[in-house]
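As structure tokens, the structure follows; a few thoughts come after it.
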Amino acid sequence: MEDLSAAFHLPDSALEHLTAAVQFGFIAGTLVFALFTLADRYSPSRVFFWSAFLGALFNLGMIWDGNTMSTLLVLRFTTGFFLAGIYPVGMKIASDYYDKGLGVSMGFLVGALVVGTAFPHVLRSSDESIPWQWIIGITSLLAATGGVLVALLSDGPFRKRMPSPDMTAFFTVFKNPGFRSASFGYFGHMWELYTFWAFVPLILTTYLEWHPKTDFPISLWAFLIIGIGGPACVLSGYLSKRFGEKRVATLCLILSGMCCLILPWAFSWENTICFLAFLLFWGMVVISDSPLFSTLVARNAPASQKGTALTIVTSIGFAITILSIEVLGSLQHTIAQPESYLLLALGPICGVWALLKRRPEKEMKEVL
């Protein structure tokens with residue numbers, strides 16, 4: 001952002017505006033993809049390819065010397081829009097290839113997302129300065145390459161094509177109680193997840209302020225805390241084969257909710273190793289239920305509407321992340337910072353309630 005601000009003379013508020021533009025673009029894209037049931041009517045690998053290619057193209061547009069704040073906002077919004085044809089459509093492709101073992105497949109897919117999310121923190125922790133144009137160019141090339149690789153895939157054996165547009169699919173998928181349960185569990189998970197990721201550097205900075213004699217590289221530890229969720233997703237996928245997706249997802253949601261409640265107290269821990277180990281554990285359980293929720297959503301959606309179902313649930317989930325981040329950011333200025341993080345626990349609490357409300361006694365015994 002410092003390089004972008006210097007290159008294009010951007011205002012101080014550019015960071016939040018450009019970040020929000022990507023999020024709003026993603027939400028708009030998922031709504032369009034879901035309303036027009038694109039991933040169910042057309043070959044999902046082709047949808048993925050064109051989305052990756054166009055997203056890379058608009059991302060690359062940021063290096064144009066004539067950019068202004070307005071053009072950058074348009075470019076970020078459009079990039080976010082086409083990301084809607086990558087992440088949820090990728091999950092649709094996985095569900096077309098796997099019936100049994102879908103949880104493991106989703107674990108690898110979401111694990112890759114997590115490692116990619118954490119990767120910029122590694123670049124930031126490097127002592128060598130990498131030109132920002134190179135970062136944009138490399139990420140655009142990687143996105144386009146990923147699109148080409150997926151385009152080489154044939155449609156999965158479990159794909160069932162939707163013969164004609166179904167504008168009602170956006171709403172009818174929620175009539176299934178199992179789908180609603182999985183979706184609302186996922187919404188609770190999303191309330192916590194991206195807000196936790198966004199505030200990890202601030203959490204680490206706050207701990208150092210409380211303990212002036214302690215020192216550790218914030219960017220590197222931010223990468224480790226977020227990135228450890230990658231292998232955790234794979235592990236949860238394998239565990240789901242033995243214990244079931246819903247049981248493992250519920251347990252992860254309970255554990256991450258407990259971490260939300262522990263954090264205000266954890267700031268006072270003098271033992272830095274314990275504090276960092278706690279955040280690493282949180283980094284594992286905060287995301288390891290995500291592929292399992294996607295699996296449950298896919299399993300409880302009609303075969304011809306899986307792409308639409310995954311897309312609309314993802315859209316609502318990311319809209320919730322914007323609200324959570326904004327609310328927590330506002331609370332940081334009004335109440336004591338450690339206590340403000342208790343807000344994150346609302347997501348896991350509501351998510352667990354949604355998962356267990358139908359048969360609470362029996363399913364709670366299964367989880368425990």
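What follows draws every value from the coordinates through simple rules; no lab data is involved. Source: prediction; values computed, not measured. Ideal geometry is used to build each Cβ from the backbone, glycine not excepted, and the neighbour counts take in all protein chains shown.
Values computed for the structure shown
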{"item": "Test: residue in segment 317-327 that is free of Cβ contacts under 8 Å to residues at least 60 places away in the same chain and either in contact with a strand residue (DSSP E or B) (Cβ under 9 Å, 6 or more places away or on another chain) or more than 24 Å from ALA354 (Cβ to Cβ) (or both)", "result": "no"}
{"item": "Odd one out for SER294 among (1) in contact (Cβ under 8 Å) with a residue 60 or more places away in the chain; (2) touching a Phe, Trp or Tyr at 6+ places or on another chain (Cβ under 7 Å)", "result": "(2)"}
{"item": "Residue check for ALA266: in contact with a helix residue (DSSP H, G or I) (Cβ under 7 Å, 6 or more places away or on another chain) and within 18 Å of ARG180 (Cα to Cα)", "result": "no"}
{"item": "Where a residue in segment 77-100 is β-branched (Val, Ile, Thr) and its partner, wherever it lies, is assigned to a loop (DSSP other than H, G, I, E, B), with Cβ under 8 Å and at least six apart", "result": "ILE93/LEU153; ILE93/GLY156"}
{"item": "Tally of residues being basic (Lys, Arg) and crowded, with 24+ Cβ neighbours inside 10 Å across segment 286-317", "result": "1"}
{"item": "Scope segment 23-72; condition among the β-branched types (Val, Ile, Thr) and either buried (at least 18 other Cβ atoms within 10 Å of the Cβ) or not in a helix (DSSP H, G or I) (or both); matching residues", "result": "ILE27, THR30, THR37, VAL47, THR68"}
{"item": "Among residues of segment 16-65, those that are farther than 21 Å from LEU149 by Cβ and of a type in the set (Ser, Thr, Tyr), counted", "result": "3"}
{"item": "Boolean, PRO212 is surrounded by fewer than 16 Cβ atoms within 10 Å (Cβ to Cβ) and either not aromatic (Phe, Trp, Tyr) or not in a helix (DSSP H, G or I) (or both)", "result": "yes"}
{"item": "Residue count for segment 269-289, restricted to those that are part of a helix (DSSP H, G or I) and in contact with a Cys (Cβ under 8 Å, 6 or more places away or on another chain)", "result": "4"}
